[in-house]
Amino acid sequence: MTDVVFIGPSLPAGEVVRLLPDAVVLPPVAHGDLLRLDVGPGDRVLIIDGFFLQHPPVRHREILDLLDRGVTVAGAASMGALRAAELWPFGMRGVGEVFQLYRDGVVTGDDEVAVVHGPAEEGHRTLSEPLVNVRVALRRAVAAGVLDDAEATLLLELGRDLPFRQRSYRALERTAPPAAADTVDRFLAWHRRDPWDAKSADARLLLTMAAAGAPELRPRHADDQPIDNLHTRFLDSWRARFAGSPAGGHWVTERDLAAVLLLLHPEAPAWHRRGVLAGLAEVDITDPTVEERALEAAHRRGLTGPPPDGWDWLTAGERGLDDREAVLRVLVRAFGTTPYRSLALWMVAAPLRTPRLRDAARQVAATAAALNETLVPRTTGHRRPGGRLHFRTEVVDACFARLWGCAADGLEAAAWDRGFVDLAAFRYAAEPLVAYVRAVGDPRLPAVAGDRTRENTRAGAPARVG
């Protein structure tokens, strides 16, 4: 069993290891992080902290995907409590007072758990006080007889009026109106004698329960609500963008593999064409009669006949093609193009997706990423993390026109024949590979014909998206 803990300012990483030995400790969770995990049934993912502003937050479907795969997911304290309160009916487990406040609707604002903190190198040191901590401290002060309900409500509203970046007990004291000065002094004097950090306490509780194998942290079961309509275009797109594997010191995603195979494999246009036509005809991609079967299927749907002058999928130089070839090209381009942001490995024709070709493409993508790291601006000063120089549009076009052996005015048609909906989508996918092509040239990816581990598919062609 593997335990993965996403932690930041709520608790020091060293304390996580002390409470839950052998846990894999990761920084606050962000969008995409869960899709990178290699976990399955029996494993546990414990979410405590997560990013709100610096990075897109973890999406609900990412958590539901883990739950659907049999992974135990539990949360507490901060982002974990927030997501658990939203997803507990579907099997995400929540622990602690902060979770209960959200689950019961006492707290509804995401900002109550938001906190400003330092970088990972400084241990995510907190620089502000989350409002939920103030709320819990006020509740405890009422229970201890230090404040009455009205006074606690007044101080809570004063804290709520502060921007979350500026919230602190000192700021509460500094900004309180004179009429509330005595109440604030009384509360803070008591709080300094008996401090309480609700988020840290909840984080410790979750880790302690996990270490003890508490039954409350059980996997999803039949009593939980079913997870319906999980696999949408959004989730599939996120998985292609984030899921992957390491190679050469770089993380290579499914989208990276798809780009390499579609753009750099010399057989990509031919197999893409066969794949699209096989999908239309509902036959195997290796069927030798795939073109005739596709034309028959298109005729039944009323899609054949001489293309009109304004048929946008044909270039000016292709208007003289015979009707049969013109219709086939239009079918491939109209039903087989997709924007790059939705590019995924399943959109590549099956014979190009063999393990042998994926391994070769992974090495190309890793080498391309390493070369891109050398494209550093020559200016001095601070460099944005991950920032690099990017190739101009004309450089991208010239590079691939030369690689593909086509004229500049035929580049868009060549991109269509590889599944890209327009030049903008092609350029978005191609730019990260320009440094590689200029430095290495043709990667000489393995030929499909000699690969006997070819995946077999029926009607597995890419479909037009968007």
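The values are calculated or read from the model by the stated rules, or taken from the named source; none is laboratory data. Source: prediction; values computed, not measured. Every residue, glycine among them, receives a Cβ derived from its backbone with ideal geometry; neighbour counts consider all protein chains shown. Side chains are part of the model used for accessible areas, which takes the heavy atoms of the whole protein and leaves out ligands, DNA and RNA. Shrake-Rupley method; radii C 1.70, N 1.55, O 1.52, S 1.80 Å.
Does any residue of the range 224-232 turn out to be under 25 Å from the mean Cα position of the chain (by Cα), within 30 Å of residue 374 (Cβ to Cβ) and at pLDDT below 95? Spell out how you get there, then give the answer.
Narrowing the range 224-232 to residues under 25 Å from the mean Cα position of the chain (by Cα): 225-232.
Pick out the ones that are also within 30 Å of residue 374 (Cβ to Cβ) and you get none.
No, the range 224-232 has no match at all.
Condition first: within 22 Å of residue 77 (Cβ to Cβ) and either in contact with a His (Cβ under 8 Å, 6 or more places away or on another chain) or assigned to a helix (DSSP H, G or I) (or both). Now tell me which residues in the range 156-170 satisfy that.
Looking only at the range 156-170, we keep the residues that are within 22 Å of residue 77 (Cβ to Cβ), and these are 156, 159-160, 162-169.
Selection gives 156, 159, 160, 164, 165, 166, 169.
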Task: Set 198, 150, 176: member being open to solvent by less than 40 Å² (accessible area, probe 1.4 Å) and more than 26 Å from residue 78 (Cα to Cα) - done: 176
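Of all residues in the range 86-105 being of a type outside the set (Phe, Trp, Tyr) and closer than 18 Å to residue 200 by Cα, which is surrounded by the fewest Cβ atoms within 10 Å (Cβ to Cβ)? Even if it seems obvious, please write down each step before you answer.
Of the residues in the range 86-105, the ones of a type outside the set (Phe, Trp, Tyr) are 86-87, 89, 91-98, 100-101, 103-105.
Adding the requirement that they be closer than 18 Å to residue 200 by Cα leaves 93-98, 100-101.
Values: 93: 26, 94: 24, 95: 27, 96: 23, 97: 19, 98: 32, 100: 16, 101: 21.
For the range 86-105, the residue satisfying everything is 100.
Give me the residue from the range 1-43 that is assigned to a helix (DSSP H, G or I) and of a type in the set (Gly, Ala, Ser) and, out of that set, nearest to residue 118 (Cα to Cα). Quick ask: steps written out before the conclusion?
Step one: of the range 1-43, the residues assigned to a helix (DSSP H, G or I) are 13-19, 34-36.
Within this subset, residues satisfying the condition of being of a type in the set (Gly, Ala, Ser) are 13-14.
Numbers: 13: 14, 14: 17 Å.
Filtering first and then ranking leaves 13.
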TODO: Just one of (1) within 14 Å of residue 259 (Cα to Cα); (2) open to solvent by 10 Å² or more (accessible area, probe 1.4 Å); (3) under 23 Å from the mean Cα position of the chain (by Cα) trips up residue 344, so point out which.
DONE: (2)
TODO: Go through the range 111-128 residue by residue and tally those that are open to solvent by 20 Å² or more (accessible area, probe 1.4 Å) and out of contact with any Phe, Trp or Tyr (no Cβ under 6 Å at 6 or more places or on another chain).
DONE: 12
Open item on the list: As an exercise: evaluate residue 108 against (1) open to solvent by 60 Å² or more (accessible area, probe 1.4 Å); (2) within 21 Å of residue 169 (Cβ to Cβ); (3) of a type in the set (Val, Ile, Thr); (4) without any contact (Cβ under 8 Å) to a residue 40 or more places away in the chain and give the number of the one condition it does not meet.
Closed with: (2)
Open item on the list: Tell me whether the range 250-264 contains one or more residues that are of a type outside the set (Asp, Glu), open to solvent by 60 Å² or more (accessible area, probe 1.4 Å) and either free of Cβ contacts under 8 Å to residues at least 12 places away in the same chain or farther than 30 Å from residue 40 by Cα (or both).
Closed with: no
Open item on the list: Give me the residue from the range 229-281 that is in contact with a strand residue (DSSP E or B) (Cβ under 9 Å, 6 or more places away or on another chain) and acidic (Asp, Glu) and, out of that set, farthest from residue 366 (Cα to Cα).
Closed with: 254
Task: Close pairs (7 angstrom Cβ cut-off, 6 or more residues apart or separate chains): within 22 Å of residue 240 (Cβ to Cβ) in the range 322-349, assigned to a loop (DSSP other than H, G, I, E, B) and of a type in the set (Lys, Arg) anywhere - done: 335/464; 336/464; 337/464; 338/464; 345/353
Task: Lone unmet requirement of (1) touching a residue at least 24 places away in the same chain (Cβ under 8 Å); (2) hydrophobic (A, V, I, L, M, F, W, C); (3) assigned to a loop (DSSP other than H, G, I, E, B) for residue 222 - done: (1)
TODO: Take the residues in the range 225-248 that are open to solvent by less than 50 Å² (accessible area, probe 1.4 Å), in a loop (DSSP other than H, G, I, E, B) and of a type outside the set (Gly, Ala, Ser), then tell me which one is nearest to residue 260 (Cα to Cα).
DONE: 232
